[in-house]
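Values quoted throughout were computed directly from the atomic coordinates according to the rules given, and no laboratory measurement underlies them. Keep in mind that this is a model prediction, so the values were computed, not measured. Here the Cβ positions follow ideal geometry from the backbone for every residue, glycine too, while neighbour counts run over all protein chains shown.
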Amino acid sequence: MIILEKDLQRCFSLVATVCEAYEAKQLARHNVRSVDALVEMATEIAGRPVDVLYLDEDADERHVKGMCVIRQDRCDVVILKGLNTCWHRFVLCKELFHAFLDCDEYRNMDLESHLESMFALFQVDPQDTDQTTNVEIIAELAAMEFLFPYRARLACIDAGKSFEAMAQQYRVPLQLLVRYLTPQNMDSLAQFCR
């Protein structure tokens, strides 16, 4: 799988814009960004109404924990009930970024490719001939950058914090945090993150 540089630039540029708007609207400064505040800003950022709906299904038994249904005039973000706090924040944030990043080239209704992408690790592989960016990974990158910014990850690494302490501090899923903190992924993101 390849992630095109232009898509990474677009992703992180949008995250920076969203973070600036978020910081401008927040009176109190906290390390933990509020996903609820992001929901309140969603319609403005997406340029159309964004509603968050909850599906009464057990999240533990499902591979897909959320989705974003994009229509011409609105977006519905659907999240499974029963997610723990960290997963709820991450899944909701990721699906909101699908709404924010929406463009024709990112629209994909192929469930099999969505499931495959859930298990793919982030990597840029210039030898790969598939020239389509995986939008699931792009939305995941955006969500992680919003919730636990690259600079904060570097500071935590430099301070010698444990993965568990970082996950608890930033309220992100430990499983994802570990993946994003691998040297390969940190090096791959260095040029795109501020």
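Assorted remarks:
- Long-range amide H partners of C75 with built H, under 5 Å: V50, D51
- Residues whose amide H comes within less than 5 Å of that of L55, counting only those at least five positions distant or on another chain, are I79, L80, K81 (H built at 1.01 Å from N in the peptide plane).
- The trypsin sites (Lys or Arg not before Pro) of the range 1-94 meeting both criteria, a DSSP state outside H, G, I, E and B (loop) and at most 10 other C-beta atoms within 10 angstrom of the site's C-beta, are R29, R71.
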